[in-house]
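The values are calculated or read from the model by the stated rules, or taken from the named source; none is laboratory data. Keep in mind that this is a model prediction, so the values were computed, not measured. Here Cβ is always computed from backbone atoms with ideal geometry, including for glycine, and neighbour counts include all displayed protein chains. In case anyone asks, the SASA skips ligands and DNA or RNA and just uses the protein heavy atoms, side chains included. Shrake-Rupley method; radii C 1.70, N 1.55, O 1.52, S 1.80 Å.
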Amino acid sequence: MDVRSAQAGIYFMWIQGLTVFLALIGTTLACINTGARVTYAMGRDKEVGELFGDLHHKSGAPTKGIWILTFISIILGIATVTMYLGGTTQTALDPKYHTFWYSVGLFDPGVYTTAPNTLLIITLISNFGTFLLYMMSCIVAVIAFKEHHMFNGFKHFVVPVFGLLANLGCMLFYIIGPFSVAGMSWHEPFIALGVALVWGIYGAIHFVTHSKKKEKPMFVSSAAAV
């Protein structure tokens, strides 16, 4: 084998790894900033802690919400990666391959052979929330522009309905996928759905109790002026 070709492959590997790392950093920052602005709107409306509704006096950004979500992301990331790096192979590795990554795990290496893929679970939970948010945004777009003087059939009905169906299809795949795709495990998507269900129930209870406490109506009683 040409040594120069092997060396070029190593250089390419480092360049590709750096590119992926930068892409992950960019995506993470975008997700945190998006989440912080959603929680900012909720904090401003006093649906969650008013701390989330604070804006920095110079930048005008919800920095407190950003830091809180960053801290939560760090904790979830450490827990997820620690479990994942313990090993997710189908069979237990030979002891000679029990490297540093196994030493940071919480269980014996053999446990990881049957444990769900934690990295996949956290990804599915995150994606499910994104699909649900975008699907609800499409529904709101159809309702909000239905009687608006700027209503456009293509922009305010066809496109949102397409987005609604696309996101709904992605969400349904969590249930259909394990039974229609060969080799796909049902553990990760069903665990993700369970977490989403529990979080949704908690959110509903919080919304009802918080609305009653603040004596705020839970449903809109009259249309806003256009």
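In a loop (DSSP other than H, G, I, E, B) and modelled with pLDDT of 85 or more: which single residue out of Leu55, Leu22, Leu18 fits that description? Give the derivation first.
Details: Leu22 fails: in a loop (DSSP other than H, G, I, E, B); Leu18 fails: in a loop (DSSP other than H, G, I, E, B).
From the options Leu55, Leu22, Leu18, the qualifying one is Leu55.
Quick grid of which residues meet (1) over 20 Å from Tyr202 (Cα atoms); (2) more than 13 Å from the chain's Cα centre (by Cα); (3) not charged (D, E, K, R):
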| position | (1), (2), (3) |
| --- | --- |
| Ala23 | yes, yes, yes |
| Thr27 | yes, no, yes |
| Met42 | no, yes, yes |
| Glu47 | no, yes, no |
| Ala61 | yes, yes, yes |
| Ile72 | no, no, yes |
| Leu76 | no, no, yes |
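In this structure, is Leu29 of a type outside the set (Lys, Arg) and either over 20 Å from Ile122 (Cβ atoms) or not in a helix (DSSP H, G or I) (or both)? Write out each step before concluding.
Details: of a type outside the set (Lys, Arg): yes; either over 20 Å from Ile122 (Cβ atoms) or not in a helix (DSSP H, G or I) (or both): no.
Spelling it out, it is not the case that Leu29 is of a type outside the set (Lys, Arg) and either over 20 Å from Ile122 (Cβ atoms) or not in a helix (DSSP H, G or I) (or both).
When residues of the range 153-163 are filtered for being free of Cβ contacts under 8 Å to residues at least 24 places away in the same chain and open to solvent by less than 60 Å² (accessible area, probe 1.4 Å), how many remain?
4
I'd like to verify a number: residues in the range 130-150 that are open to solvent by 90 Å² or more (accessible area, probe 1.4 Å) and not in a helix (DSSP H, G or I), how many?
Qualifying residue count, the range 130-150: 4.
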